[in-house]
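Reading through the C-alpha cells given below for one structure.
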Amino acid sequence: MNSIKIIFSRFKGYLKDYIPQFCIAVLGMIMAAIGTAGSAYLIKDVLDEIFISKNESLLYILPYIVVAVFFLKALGTYLQQYFTAYIGHDMVRRFRFMLLENLLRLDLSFFNRLRTGELISRNTNDIDRIRNVVSSMIPDFTREVITAICLLAVVIYQSPKLAFFALVVFPAAIYPLSLLAKKIKKYSHQSQAKIGDMTSALSEIFTNIEIIKANNAANKELERFKSHNERFFHLNIKAERTSTLVNPLMETLGAVGIAIVIIIGGSEVISGALSVGEFFSFTTALFMLYTPIKRISYLYNKMQDALAATERTFELLNQSPNIIGGNLEFPKNLLSISFNDVRFGYDENEVLKGVSFKANSDEIIGIVGTSGGGKSTIINLLMRFYDANNGQILINQSEISDFELQSLRQNIGIVTQRIYIFNDTIAANVAYGAKEIDENRVINALKVANAWDFVENMEGGVHAMLDEFGANLSGGQRQRIAIARALYNEPRILIFDEATSALDFESERIITDVIERIRSGRIIFVIAHRQSSIKNATKILVLGGGKVVGFDNKEALLQNCDAFKKLSHIE
Ligand SMILES: Nc1ncnc2c1ncn2[C@@H]1O[C@H](COP(=O)(O)OP(=O)(O)OP(=O)(O)O)[C@@H](O)[C@H]1O
C-alpha cells in the first residue's frame with residue numbers, strides 16, 4: 001500500500017486544482033458502485049417475488065427498477081470516466097510543460113550527463129504513464145474499492161455465514177500477490193530505463209544519418225539497436241510472465257471459495273434456512289465482487305510501474321541549476337575581461353590549469369593552441385555554461401557570477417563552426433531569442449555582417465524562408481546570417497569559435513573584415529586554427545597543456561614563443 005500512498009501524496013497538490021471535476025468523478029464512482037451492488041441485490045426480489053412467489057404486481061415494477069439501476073451505473077461510469085480523463089490529460093499538459101521549463105533552466109553539464117533520447121523518453125513516455133496514473137489508476141482504484149465495499153455489504157447482508165466461508169480465501173491471496181507486485185516493480189524500473197536507451201540510440205542514428213551512410217555503418221548501428229531491443233523484449237516478457245500469473249492465481253483461489261459456497265449454501269437452501277433468491281443474490285454479488293478485487297490487484301501492480309515513472313519524473317522536476325546569476329546588469333562600457341589563475345575540469349581531469357590573461361576594450365583576441373587544449377572551454381566559462389573550480393573571471397572589476405545571467409548572455413554574441421539555422425524567415429533567424437522582431441535592427445545587423453547584399457536579392461528579402469540547417473544557403477552565407485544573429489543584440493563581447501574554419505578564403509576574408517569593423521567598444525575573441533583567421537588580432541593567447549604559454553601580438557610571439565612558432569609551422 002506504500003506505493004499508493006506515495007503516488008497520492010505526489011499528486012495531492014496538483015489534484016487540488018481539479019476539485020469540481022474530481023467531485024463529479026467521485027459522484028460518478030459512487031453512482032456506478034451503487035448501481036453494481038443494486039443490480040446484484042435486485043436478483044433476490046426478482047427470483048423470490050416474481051418467479052417463486054409469483055407476485056404479479058411486482059412484475060411491472062421490478063423491471064423498471066432494474067433499468068433505473070443499470071442507468072445509474074451507466075451514467076456514473078460515464079461521468080467518472082470523462083472527468084477523470086479530463087484531469088489526466090490536463091495534468092499531462094502541465095507536467096510536460098513544467099518538465100521542459102525546468103530542464104531548460106538546468107546547467108549544460110546536466111545535458112552532458114543525460115542523453116537526448118533519454119530526456120525525450122522521459123518527457124513523453126514517463127509523462128504518459130503519469131496520465132495513466134491520474135486518469136485511470138487513481139479513479140479506477142477508488143471506484144473498485146467503493147464497488148467492492150458495496151458488493152461486500154450485499155454479500156454479508158444476504159448471508160453472513162456464507163460470506164464468512166467465501167471470504168476467508170481472500171487473505172490467503174494477499175501474500176503471493178504482494179510478492180508478484182515487488183517483482184513487477186523491479187522489471188518495470190529496468191524496462192523504463194531500457195526505453196531511454198532505445199530512444200537515445202534512435203535519436204543518435206537519425207541525427208547522424210549522413211555519417212552512418214558515408215561510413216557504411218548501418219549494420220553496426222542495427223546490431224547495437226538490436227541488442228537494446230532484445231533486452232527490452234526480454235524485460236517485458238519477464239514482466240508479463242509475472243503479471244499474467246496474477247489472474248490464474250486469483251481465479252484458482254476464487255474457485256475454492258465458490259466450491260465452499262456451493263456446499264454450504266446448497267445445504268442451507270435444501271434445509272430451508274436460505275431462500276433461492278437470497279442464495280442467487282448472494283452468489284451474483286460474490287461473482288461480481290471478483291471483478292473489482294481482480295481489478296484492484298491488477299491496478300496495484302500497474303501502480304508499481306507508474307510509481308517508477310512518477311519517481312523518475314519528480315526526480316527531474318526537482319533538479320535545480322547550480323549556475324545562478326547575480327544582480328548586476330552588464331556594464332554599458334565594457335573596459336576589460338580578466339582571467340586570474342582560472343582552473344577548471346569537466347570531470348576530475350583538469351582542462352585549464354591556472355589560466356591568466358587580460359583583454360581590453362577594442363581588442364581582438366585570437367586564441368590558438370593544440371586541439372583539445374581548452375580553447376572552447378575558456379568560452380564556456382565566459383558564457384557561464386560552467387563555473388570555474390578555482391580562480392576569478394572579472395568583467396571590468398566585477399566577478400562574472402555577480403552579473404544577471406540573462407544580461408550577461410545577452411551581451412555575448414557567439415558564432416560557432418556549427419551553424420544553427422531554424423526553419424523560419426531570415427528575420428526570425430537573425431532576431432532569434434528576442435521577444436519581438438525589429439526589422440530595422442535585423443537589416444542593420446545583416447548589413448554589418450555583410451549579408452545584406454545576398455538577402456536583399458532573395459525573394460521576400462528578410463521574410464524569405466530558410467530551410468532547416470540553412471540548406472538553401474551557401475556555407476559563407478549561413479555563417480554571415482549567424483554573425484548577424486550574434487550582432488542583433490549589439491553585444492559587447494563577441495566570440496568566433498572556429499567560425500571560419502569550414503569556409504573558403506574569400507568567405508573568410510569577408511568575415512575577418514566584418515570583425516575588424518565591429519571591434520570598437522567591444523572585446524572580440526577569435527578561436528582559430530588558421531593563421532589567416534586571426535590576422536587582425538591585437539593579441540594572441542597561446543594555450544598549451546591547459547596553461548597560457550604565450551600572450552602577445554603576432555610578431556612578438558613569432559620571436560619568443562616556441563609553441564606559437566610550432567603552430568605556425570604546422571600550418
Ligand atoms: N562537455 C565536456 N565534458 C567532458 N569533457 C569535455 C567536454 N568538453 C570538452 N571536454 C574536454 O576538455 C578538453 C578541452 O576541450 P576544448 O573543447 O576546450 O578544446 P579546444 O582547444 O577547443 O579543442 P579543439 O581545437 O579541438 O576544438 C578536451 O580534452 C575535451 O575532451
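General observations
- Working note: Karplus 6.51/-1.76/1.60 with θ = phi - 60° gives segment 362-378 the couplings 6, 8, 10, 9, x, 10, 10, x, 5, 4, x, x, x, 5, 5, 5, 4 Hz, where Gly and Pro are set to x.
- Carbon plus sulfur fraction of accessible area for segment 336-570, probe 1.4 Å, in percent: 45
- In a DSSP loop and with at most 11 other Cβ atoms within 10 Å, there are no trypsin sites (Lys or Arg not before Pro) in segment 90-131.
- Calculated FRET value between V66 and A273, using beta carbons and R₀ = 30 Å, to 0.05: 0.65
- Within segment 419-519, chymotrypsin sites (Phe, Trp or Tyr not before Pro) in DSSP loop having at most 16 other beta-carbon neighbours inside 10 Å: Y420, F422, Y432
- For I495, the residues whose amide H sits under 5 Å from its own are G413, I414, V415, F525, ignoring neighbours fewer than 5 places away on the same chain, with H placed 1.01 Å from N.
- Mean separation of Cα contacts under 8 Å, 6 or more apart, over the residue count of segment 2-317: relative contact order %: 33
- Accessible surface for D438 stands near 60 Å², nearest 10, in the context of the full protein assembly shown (1.4 Å probe).
- C-alpha center-to-center spacing [segment 149-225, segment 276-337] in angstrom: 15
- Simple spin-label estimate for Q392 and F97 in nanometres, 7 Å along Cα-Cβ: 4.4
- Compactness of segment 213-254 as Cα Rg over 2.2 N^0.38 Å, two decimals: 2.04
- Residues within the reach of a label modelled at L106 (point 7 angstrom out along Cα to beta-carbon, backbone nitrogen below 18 Å), restricted to segment 197-221, are 197-201, 203-204.
- Efficiency of FRET from Cβ geometry, L59 and T244, R₀ 45 Å, rounded to 0.05: 0.50
- Of all accessible heavy-atom area on segment 2-317, the percent that carbon and sulfur account for (1.4 Å): 67
- Per residue, the average separation of C-alpha pairs within less than 8 Å and at least 6 apart gives the chain a relative contact order of 15 percent.
- Computed over segment 336-570, relative contact order equals 28 percent, with contacts defined as Cα pairs under 8 Å that lie 6+ residues apart.
- Length gained when the stretch K16-K358 is fully extended (0.36 nm per residue, less Cα-Cα span): 117.6 nm
- Among the listed pairs K353/K554; K5/K182; K375/K539, those beyond 20 Å (Cα-Cα): K353/K554
- Kirkwood-based shape ratio for segment 27-67, expressed as Rg/Rh from alpha carbons: 1.09
- Each DSSP beta bridge with both residues in segment 336-570 is either parallel or antiparallel, and the antiparallel ones are about 50%.
- Taking all protein chains into account, the per residue accessible area for the chain stands at 51 Å² (1.4 Å probe).
- One way to sum up the overall shape of segment 348-455 is the equivalent ellipsoid from its Cα gyration tensor, whose semi-axes run 31, 17, 15 Å, largest first.
- If you bin all the Cα-Cα distances of segment 2-317 at 20 Å, starting from zero, the percentages per bin are 26, 46, 22, 6, 0.
- Computed with the Debye formula from one identical point scatterer per Cα of the chain, without solvent, the log10 of I(q)/I(0) at q = 0.10 Å⁻¹ comes to -0.96.
The values are calculated or read from the model by the stated rules, or taken from the named source; none is laboratory data. Given the structure is predicted, the values throughout are model-derived calculations rather than measurements. Quick reminder, even Gly has a Cβ in these numbers, built from the backbone with ideal geometry, and neighbours come from all protein chains shown. Accessible surface is based on the protein model in full, side chains and every heavy atom, while ligands, DNA and RNA are left aside. Shrake-Rupley method; radii C 1.70, N 1.55, O 1.52, S 1.80 Å.
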